[in-house]
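One structure is given below, encoded as structure tokens.
Just so it is clear, none of the values below were taken in a lab; they were calculated from the coordinates. A quick note: this is a predicted structure, and the numbers were derived from the prediction, not measured. Neighbour counts run over all protein chains shown; Cβ positions are idealised from the backbone, glycine included.
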Amino acid sequence: MTQLELARKGTISEEMKSVAAEEGVAPELVRQGLAEGTIVVPANVNHRLGRYCGIGKGLRVKVNANIGTSSDFSDVETELEKLRAAIEHKADTVMDLSTGGDITAIRCAILEASSIPLGTVPIYQAGIEAIEREGAIVKMTADKLFAVIEQQAREGVDFMTLHCGVTQSAIERLRRQGRLTNVVSRGGAFLLGWVLHNEQENPLYEEYDRLLEIAREFDVTLSLGDGLRPGSLADATDRAQVEELLTLGELVQRAWDAGVQVMVEGPGHVPLDQIEANVQLEKRLCKGAPFYVLGPLVTDVAAGYDHIAGAIGGAIAAVAGADFLCYVTPTEHLGLPDPDDVREGVIASRIAAHAADIVKGVKGAWDWDRQMSLARENLDWEGQVRLCLDPAKARKLHSIHATSGDACSMCGDYCALKLVASFLGAKEGKP
Ligand code: SF4
């Protein structure tokens, strides 16, 4: 039985208890959210996880880190290093987006090493195998695509991005829309090409029940992909994007009816003033299914700093109700990230997620900041390092310019906190 089916039966599973303990909430809250579809717990029956992750209403906002090879760089050791960087900096999940080298071997190595849930985009492997075998993605058969999905599910992949909403009708709407940047999703592009060339409906939509059967057997959480997400501010919230979301809303209902856990992916590039509307639209059309946003990036011109553009968008989206943030790294739009980029991306998204948790009243979020402020007031440097999101970086920056006193080198002898403490006395307590 899937976690959704167990929850509906009134059972509180070990996975639900573990999520509840991690979040500091009642197990019943997790069970109820699962039963209603507002929470997912990606946990393939074939993947032994060290840490279960609940995503959705009433829980801490979660962060995903994308890793994976490309056709230019396909070293498995580097990917494992990225995985370690993501876990060390407390990403909640990782996605293996490998498109280069031995994709199956790389995924299996990552799965084996990952203590946190792993996601994939199976169309990458299916499309690339079609190129290797038949010379073109458009030669991929529906059977081969579903065989790859089943293979990955059997191996233990916990959640999968599946672009079921790239339908003939949505593609026609995209054509009539006349976008600035047509399609920026790799999976969306693969499927669009396949649908147009073969003049057939998207198999992930046409044979959705087949997908649901596989997902149910292994308790794979579906992450309904936004293959037509905007790739520029100019295309945000347009008719093609919204049509795809309408379809995804219907598919959410069908997943629930089949006992399958499901969440929905969202944009992309979105101006600040449209982010809240995008979240509300998803929540309404998809009946509260968890929303997994890719950024969103609030400007198109931040290349080199897109992790910051993504964190700004992520914070606003999360405050508005988005549940899960896909990180963006400094190399977005420019190249494949390395382990340092992974660290920067995870931390940027965790800042966004935590900033939202504070104002959403997530348990412990406010107190964390209080503890940090107390450590600052007391010039407790060990406490400050321990409490910050990236302790190693904080320690390094603090020690670069040493001072003789107990302040930092920013103001040295004229440390405001120290001066005022000499008049008003130090604050009680240690963080
Ligand atoms: S020296 Fe300045 S920056 Fe450093 S702790 Fe004191 S007040 Fe803060």
_Please go through the stretch 370-410 and give me each residue that is closer than 21 Å to GLU88 by Cα, away from the ligand (no atom under 12 Å from the Cβ) and either surrounded by fewer than 15 Cβ atoms within 10 Å (Cβ to Cβ) or basic (Lys, Arg) (or both), ordered by number._
GLU382, ARG386, PRO391, ALA392, LYS393, ARG395, LYS396
*Taking the stretch 360-376 on its own, how many of its residues are free of Cβ contacts under 8 Å to residues at least 12 places away in the same chain and either farther than 22 Å from ILE347 by Cβ or of a type in the set (Val, Ile, Thr) (or both)?*
1
*Out of (1) crowded, with 22+ Cβ neighbours inside 10 Å; (2) in contact with a helix residue (DSSP H, G or I) (Cβ under 6 Å, 6 or more places away or on another chain), what's the single condition that is false for PRO290?*
(2)
*For VAL359, state whether it is assigned to a helix (DSSP H, G or I), under 20 Å from the mean Cα position of the chain (by Cα) and away from the ligand (no atom under 14 Å from the Cβ).*
no
*For the stretch 411-431, name all the residues that are surrounded by 14 or more Cβ atoms within 10 Å (Cβ to Cβ) and within 12 Å of the ligand (Cβ to nearest atom).*
CYS415, LEU417, LYS418, ALA421
*Listing of helices (runs of 4 or more DSSP H) fully contained in the stretch 191-277 that carry 3 or more residues being acidic (Asp, Glu)*: 208-218, 239-257
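Taking the criterion of being part of a helix (DSSP H, G or I) and more than 24 Å from CYS53 (Cβ to Cβ), would at least one residue in the stretch 110-117 satisfy it?
For the stretch 110-117, residues part of a helix (DSSP H, G or I) and more than 24 Å from CYS53 (Cβ to Cβ): absent.
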*Looking for whichever is touching a residue at least 12 places away in the same chain (Cβ under 8 Å), under 22 Å from GLU172 (Cα atoms) and under 18 Å from the mean Cα position of the chain (by Cα) here; the options are GLY249, GLY268. Which one fits?*
GLY268
*So which residues in the stretch 191-242 are under 23 Å from ASP300 (Cα atoms), buried (at least 16 other Cβ atoms within 10 Å of the Cβ) and over 21 Å from the mean Cα position of the chain (by Cα), if there are any at all?*
ASP235, ASP238, ALA240
*Within the stretch 377-407, count every residue that is within 27 Å of GLY345 (Cα to Cα), assigned to a loop (DSSP other than H, G, I, E, B) and touching a helix residue (DSSP H, G or I) at 6+ places or on another chain (Cβ under 8 Å).*
3
